[in-house]
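Each remark here refers to the structure printed beneath this line.
Since every read-out is calculated from the coordinates, none of them should be taken as a lab result. Nothing here was measured: the structure is a model prediction, and the numbers come from that model. Note: ideal-geometry Cβ built from the backbone for every residue, glycine included; neighbour counts use all protein chains shown.
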Amino acid sequence: MEGWLDSNKGYRYQTKIKPMEDKLETIFKLQRNLEKMMRLDRYPKDVEGKISALCTAIVHEAIELQRTTNWKWWKRPITFDQAAAREELIDIWHFVIQTSLELNMTPDDILNEYQKKNKVNQERQKNGY
């Protein structure tokens, strides 16, 4: 992994992706590497506790994403900062990927579960859900 300093966005990393490596698998590898660097002494030890903590983090990051929008109809609107919104979305992704790892899900598992749920959702839409 190579890093460089981007004057607009701070320190950024470029990961060399093997030609046949899946992008989601690359994200999983990056998250596993980040997890190895983190101090986890306050992180729950049991899977249920980890999932609960990660859900809390996801909810709060979603609120931070929402705060980038003009959802407060009673306030004067500001210009939407898409870069800030993208950053908050990626924060959510970090916690979603970590949750996937805690549940022992692989990128293939995610694709399979997504396809099953997508089919259910399509059926619901066809039936006036």
| note | Computed over the range 20-126, the distribution of all Cα-Cα distances in 10 Å bins, rounded to whole %, is 12, 32, 34, 19, 3, 0
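Explain nothing, just the number: dipole magnitude of the range 20-126 about its Cα centre with +1 on each Lys and Arg Cβ and -1 on each Asp and Glu Cβ, in debye rounded to the nearest 20. Could you put the intermediate results ahead of the total?
On the way: 18 positive and 18 negative charges, 96 e Å.
Result for the range 20-126 is approximately 460 debye, rounded to the nearest 20.
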